[in-house]
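Comments concern the structure below.
Computed from the coordinates by the stated procedures, all read-outs in this text should not be read as laboratory data. Note that the structure is a prediction, hence the values are computed from the model and not measured. Because the Cβ atoms are built from the backbone with ideal geometry, glycine has one as well, and the counts that use them run over all protein chains shown.
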Amino acid sequence: MRFPLSQAADIATYIARNKLRPRPEWQNNVAVSDDANPFRIIHTQIPAAGHERKPHPLIHKRFPLVMMLEPLHACNLTCTGCGRIREYESTISERLTLAQCLAAVDECGAPVVSICGGEPMLYPEIGKLCAEILSRGKYIQLCTNGMFIVKKLKEFKAHPAFVFNVHLDGMEKNHDLAVEREGVFRAAIEGIRIAKQRGFRVYTNTTVYKETDMREICELYEYLAQFKVDGHTISPAYGYSAVNDREIFMTRDDIREKFKDIDKMAKRFPLVSTPVYMEFLKGDRDLPCTAWGNPTYNVKGWKGPCYLITDAHHKTFEELMTKTPWENYGAGNDPRCEDCMVHCGYEPSSALGINAKISDPFKTLSWLFS
Ligand code: SF4
């Protein structure tokens, strides 16, 4: 099974409850324009050529599914594709307090918390933070470069709702090139080996760039099988505002070409992307952006509209939900969204059953139990 049955059941119940009874305070849209900001994006409300704007199917049923918690942006690496160390350079030494992190988790209420950053293992109270979030009945993915797992593992307790999600963009040579430091791959692998040995659940997290050879990703997954890694997340790199001056990112067409054989990979390896999201990556299906499904909280507040684009930071989660002009984002609505096919914007749409087909529940069930 791709996920423990209890996790699948908990999340399905959460989704059903929120779809049936959407929280009214999150549905009012009182988006305001910050006229004082000369750099603000002015959305014209004119769809791109050939794109007919349709009402968003879930615009009045918005709720969070996976919260992205960034307790700090400091990192021991300077990875080529990382926007955080560039966008948050001025606050790189700041961090949230434990109380702020937990208040944000409670305020948002998402059943899954993805702790990222920066390198979250540098957060001094990372073990305590995870224990507190688990005690609230949440599921955690701790996204890490893996270099501190061996050193800090004693601060954690293996738990079925807790996963280390270790960043690996290829085999040793190419991964170390992507993270701009030698030895990172070996340290991450040692972290994975020890964590698995001590009973922890471990995923890997791979970003696919223009230059990535998908055969190398298969080679990586074959190599990782010896450690009995529990799952692999994989996502295309696309150029967003904080990093789009680089030539390593892909257009929508590049992404479709790169992911055309993802079904074969999903049969061979424990990929944790949903079948509907994989169809989207291959270009077989359109999905609307549901960026509110993955809200991001960091030292500046709730980041809107999404993990990738920053047009505002909000003081409260309710403010993010109600003051973000959601209809203005997504491909065809905002030029910055044109090539976006990232997990954080679109995976919630597949989980929430937007543009659903009759066969989807069967596909999802057979994927879940495979
Ligand atoms: S389409 Fe992508 S970049 Fe645009 S708002 Fe959604 S998640 Fe953000």
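Summary of values
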| item | result |
| --- | --- |
| The chain, relative contact order in percent, only Cα pairs under 8 angstrom and at least six apart counted | 21 |
| Simple Cβ-charge dipole of the chain, Lys/Arg +1 and Asp/Glu -1, about Cα centre, in debye nearest 20 | 1260 |
| Helix-only mean residue ellipticity at 222 nm for the chain, each DSSP H run of n ≥ 4 adding -39500 (n - 2.57), per residue, nearest 500 | -9500 deg cm²/dmol |
| In Hz, Karplus ³J(HN,Hα) per residue of region 93-104 (6.51, -1.76, 1.60; θ = phi - 60°; x = Gly, Pro) | 8, 8, 8, 6, 7, 4, 4, 5, 4, 5, 5, 5 |
| With at most 14 neighbouring Cβ atoms within 10 Å, loop GluC sites (Glu not before Pro) (DSSP) excluded, longest segment of the chain | 248-370 |
| Qualifying trypsin sites (Lys or Arg not before Pro) in region 104-147, DSSP loop, other Cβ atoms within 10 Å at most 13 | Arg136 |
| Where N is the number of residues in region 68-202, Cα Rg divided by 2.2 N^0.38 Å | 1.03 |
| Taking Thr144, Thr316 and counting other C-beta atoms within 10 Å, the order from fewest to most | Thr316, Thr144 |
| Rg to Rh, two decimals, where the chain supplies the alpha carbon set and Rh follows Kirkwood | 0.93 |
| Spin-label model distance (nm) - Ala103 vs Asn29, 7 Å beyond Cα toward Cβ | 3.0 |
| Under 5 Å, built H, 5+ apart or other chain: amide partners of His314 | Trp302, Lys303, Gly304 |
| Residues whose placed amide H lies under 5 Å from that of Asn165, excluding near-sequence neighbours | Leu142, Cys143, Thr144, Tyr203 |
| Region 280-360: radius of gyration over Cα atoms, expressed as a fraction of 2.2 N^0.38 Å | 1.13 |
| Order of Ser114, Ser235 - criterion: other Cβ atoms within 10 Å of each residue's Cβ, fewest first | Ser235, Ser114 |
| Other-chain or far-sequence residues with amide H under 5 Å of Leu271's (modelled H) | His232 |
| Neighbour-count order for Thr204, Thr290, Thr274, fewest beta carbons within 10 angstrom listed first | Thr274, Thr204, Thr290 |
| Of His314, Pro111, Cys289, farthest towards positive along the dipole that unit charges on Lys, Arg, Asp, Glu beta carbons give the chain | Pro111 |
| Listed pairs Lys151/Lys323; Lys138/Lys210; Lys258/Lys303 exceeding 32 Å between Cα atoms | Lys151/Lys323; Lys138/Lys210 |
